[in-house]
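A.B. asks: I am attaching a structure below and will ask some questions about it afterwards.
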Amino acid sequence: MLRVSALCSHYGRIQALEGIDLAVQEGELVALVGANGSGKSTLLRAISGLQPCSGEISFEGRNIAADSPERRVRSGIVQVPEGRQVFGPLSVEDNLRLGAYTRTHAESDAELERVYAMFPALKERRRQAAGLLSGGQQQMLAMGRGLMAKPRLLLLDEPSMGLAPRLVADIFDKVRALKQARTTIFLVDQNARAALSVADRGYVLETGRVVLGGTGAALLADPAVRSAYLGL
């Protein structure tokens, strides 16, 4: 579904990504792990069209490197951003409906019911201002807003950031549910153990380069990964 080839990106004179090659197959959950500053979020932003880059980004067989972010959303690539970025003054339901701006009103209504079924706490608080939600609820809102666009490829950027361990477990339960529903997911998270545990495959990013790749289980068992990212 997604193939990234020889992708490079810079912040001024600083090279953030160098020669990235990776792929995500339809129905897979692929995790990208690495230290802070390794380029994980930059790569997601490049795929969604928010970060200038060179190289090829192929989605369902078509090079989309020159497409605008809006066109990428319409083609089925949807990013749930790092830090949630909900619209605090707006209600929970208005935040969700903003995620469906490319859909008809009837499609929006149908997706809204699916999101409420997955995140019942959001339905209970649908009239509440999003800024009043807890961190975990805001993360569920950000994920629900992404799902409203009916993504063919869901880019999840640091969904567990800043959450208590119990809430991290809740978020990864939702990620597993999406995987079981055959949603194609490219997941970035600093919690390498949780990310690789749920992933079909994974990649390790170091200073803008992919240095390892393999199944989630193989990477969890790799001594270098265990030492650098799992504290073992």
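The values are calculated or read from the model by the stated rules, or taken from the named source; none is laboratory data. Please read all numbers here as calculations on a predicted model, not as lab measurements. Ideal geometry is used to build each Cβ from the backbone, glycine not excepted, and the neighbour counts take in all protein chains shown.
A.B. asks: Any residue at all in the range 23-30 that is under 21 Å from LYS179 (Cβ atoms) and β-branched (Val, Ile, Thr)?
C.D. replies: yes
A.B. asks: To continue, here is another question. Any idea how many residues of the range 47-66 are free of Cβ contacts under 8 Å to residues at least 40 places away in the same chain and either within 18 Å of GLY208 (Cα to Cα) or within 14 Å of the chain's Cα centre (by Cα) (or both)?
C.D. replies: Number satisfying all stated conditions: 2.
A.B. asks: Follow-up. How many of the residues making up the range 72-97 are more than 18 Å from the chain's Cα centre (by Cα) and farther than 25 Å from GLY136 by Cβ?
C.D. replies: 0
A.B. asks: GLU82 passes all but one of (1) among the charged types (D, E, K, R); (2) within 26 Å of ALA192 (Cα to Cα); (3) touching a helix residue (DSSP H, G or I) at 6+ places or on another chain (Cβ under 7 Å); (4) at pLDDT 95 or above; which number fails?
C.D. replies: (4)
A.B. asks: Select from the range 48-70 the residues that are in a helix (DSSP H, G or I) and surrounded by fewer than 18 Cβ atoms within 10 Å (Cβ to Cβ) and list them in ascending order.
C.D. replies: Within the range 48-70, PRO69, GLU70 qualify.
A.B. asks: Applying the selection to the range 131-143, what residues are touching a Lys or Arg at 6+ places or on another chain (Cβ under 9 Å) and either under 30 Å from GLY49 (Cβ atoms) or crowded, with 18+ Cβ neighbours inside 10 Å (or both)?
C.D. replies: LEU133, GLY135, GLY136, GLN137, GLN138, GLN139, MET140, LEU141, ALA142, MET143
A.B. asks: Moving on to the next point. Counting only residues that are part of a loop (DSSP other than H, G, I, E, B) and not small (Gly, Ala, Ser), which one in the range 9-45 is nearest to ILE185 (Cα to Cα)?
C.D. replies: Checking each candidate, the answer is GLU28.
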